[in-house]
Every structure is written in C-alpha cells, then in structure tokens.
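First up is the structure itself, then whatever we jot down about it.
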Amino acid sequence: MSRMTCPTCHNELPEESSDCPTCAVEGDVEPTVIFVPVTPGQHPALSAEEAAHVDGVPGYALVVERGPRAGLTYILNQGTTTVGRHPNSDIFLDDITVSRHHCRFMLSETGLIVEDSGSTNGTYVRDVGVERAPLQAGDEVIVGKFHLIVALGDA
C-alpha cells in the first residue's frame, strides 16, 4: 500500500492532488510516495498474490528504520539497484561505515535478492552476515549504520 505525502511538511495529500492543504505547497513539487509494509494476505483490497506483484514484478521498497536518514524510503525498480558511498550509486548512503560499492539489490519476477559487493563492514540480513540472500517483506538489511526494512507495496 502506498500513500502520497507532501515533500515539504510530510503531511498526507488528498488523493489525485499534488497541492498541500497544510503548507500551501503547490503542484510544482513532486510529492513523495511512502510505502507502507504489507504482509501478503493482509492487503485490504488485493489477494495475497496480487499484493505481492504489480505488473508481474514484486513492488518492493527499502525503508530506513534506523540510521542517519531514518524515515527515508527507496523504491526498488526491476533489475539491479546499487548501494554505496560512491555518488553514482543508485542508493547513495553518505557515511564512512558504508563502502563505496557496498551491496546491490536484484529484483526480478522470482523475487528480491541482496548481494554484498565485497564491502569492508559486510551486509547483514536478520543480523546474519551474508554474501547473497533472498529477501521477504519485513526483513531487516543492515548496511553500515543504516537499518533498512524491506517493504512490499502496491506501487
């Protein structure tokens, strides 16, 4: 499930509107899409199979639960998403505990996988260091100081 929030004050926007009634920001600024973690079978409007896949690809996001950017959400696109301290990373995490090329998330029709890229501090899934691991909604991935929660949404 997702909802639109104002990029300035973070209040929820009315459906089909990009103007914020709270802070008066007008539609010239892109609203932020927030993914709300959903466990398959608990989505109010979709079946478990429908909630797990949007356009044939799982709708996943990473939510920073703890760390320097807590509350930020990264939407994962199909294919490979790189994570690291290098400015060209798809997900740029600017902290010395994160390697320049730390890990990558690979999303396909078969699911979501995280793979460490030879990082100095390692990549952890459910508090266990991994080289490569499949992920499910609710899993915690630790990259340096960043604790990322895997969210399944309806994009």
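The values are calculated or read from the model by the stated rules, or taken from the named source; none is laboratory data. Computed from a predicted model, the values in this text were never measured in an experiment. A quick note on method: Cβ atoms are made from the backbone with ideal geometry, for glycine too, and the neighbour counts reach across all protein chains shown. Each accessible area value is taken on the protein alone, full model and side chains, heavy atoms only, with ligands, DNA and RNA left out. Shrake-Rupley method; radii C 1.70, N 1.55, O 1.52, S 1.80 Å.
A few comments on the model shown:
- Within the stretch 80-106, being out of contact with any strand residue (DSSP E or B) (no Cβ under 6 Å at 6 or more places or on another chain) and part of a strand (DSSP E or B) holds for GLY84, PHE92.
- Hits in the stretch 91-121 - residues which are surrounded by fewer than 16 Cβ atoms within 10 Å (Cβ to Cβ), charged (D, E, K, R) and in contact with a Gly (Cβ under 9 Å, 6 or more places away or on another chain): ASP95, ARG100, GLU109
- Applying the condition of being farther than 21 Å from GLN78 by Cβ and in a loop (DSSP other than H, G, I, E, B) to the stretch 139-155 and asking which residue is most open to solvent (accessible area, probe 1.4 Å) yields LYS145.
- Scanning the stretch 122-138 for residues that are modelled with pLDDT of 95 or more, buried (at least 16 other Cβ atoms within 10 Å of the Cβ) and assigned to a loop (DSSP other than H, G, I, E, B) returns a single hit, GLY122.
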